[in-house]
Amino acid sequence: MTENNRSITQARDGQVIAGIKKDLQNVSSLPLASSTYTMAALVQLVQSRIDAANTVVNARAHWVDASTAYGALNTQVTQVVRDLRQYVISVYGKDSPVLADFGFTPSKRTPLTPEQLVARAQKAAATRVARGTMGKKQKAKIKGTVATTAPATPPAATPPIAAPAAAPVTVAPAPAPVVTKQ
């Protein structure tokens, strides 16, 4: 059985209602799915599914609109509250109890001591060496080499074949072009 989406189901339900009204008006009641329905009750039941599907579509449209509006408002208010926090800190100080009135907390960042800064730099350098990471200029100095691979050695049962000595190759210089005057 194929899975139906809401629009297909709604279209099919509309056809069912039309068929009931056209062809089953003379039937007084039908036993269906452990219940007995009059034609009016059957039409009302099928119509209720169409109405419920329309409600879902409208609710989703409202939800999407409301979600979009919230996202835009959230972005704006977040920036305003961030700037308000900075204003309150600049006016009253970063350790003022007035910050608590707004629900703001003072910064918890403590400056590092010189020893901690040195240790952090050494650790960063050691990590860089361990990972083998390099900067742009260091990478540019690295050039690849082509490794020549030796041919595979023949099996031990076969004696090696001696290659004939290569004759020296001489290359004659190209003849000079002949220039003719016309």
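Every number here is computed from the coordinates shown, using simple stated rules; none is lab data. All figures in this text were calculated on a predicted structure; none of them were measured in a lab. Because the Cβ atoms are built from the backbone with ideal geometry, glycine has one as well, and the counts that use them run over all protein chains shown.
The ranking of Met39, Met134 by Cβ neighbour count inside 10 Å, starting from the fewest, reads Met134, Met39. Computed from the C-beta positions of Glu115 and Gln86 and an R0 of 30 Å, the FRET efficiency is 0.45 to the nearest 0.05. For segment 71-117, the set of trypsin sites (Lys or Arg not before Pro) satisfying both a DSSP loop assignment and a count of at most 13 other C-beta atoms within 10 Å is given as Lys94, Lys108, Arg109.
Cα centroids of segment 1-48 and segment 107-128: 74 Å apart.
Taking a temperature of 20 °C and a viscosity of 1.002 mPa s, what whole-number D in µm²/s does Stokes-Einstein yield for segment 1-123 with Rh from Kirkwood over alpha carbon pairs? Approximately 99 µm²/s, per Stokes-Einstein.
Cross-link partners for Lys139 among the lysines, with Cα-Cα distance under 27 Å and sequence neighbours closer than 8 places in the same chain left out: Lys123. Students often forget the sequence filter, so: which aspartates and glutamates lie under 19 Å Cα-Cα from Lys141 once same-chain residues fewer than 8 apart are removed? Reachable aspartates and glutamates: none.
Give me the log10 of I(q) over I(0) for segment 75-122 at q = 0.15, 0.29, 0.31, 0.33 Å⁻¹, as the Debye formula computes it from C-alpha points; what are the numbers? Taking Cα atoms of segment 75-122 as identical point scatterers yields -0.55, -1.04, -1.13, -1.20.
The simple Förster model, with R0 at 30 Å and r as the Cβ-Cβ distance, assigns Gln47 and Asn5 a FRET efficiency of 0.95.
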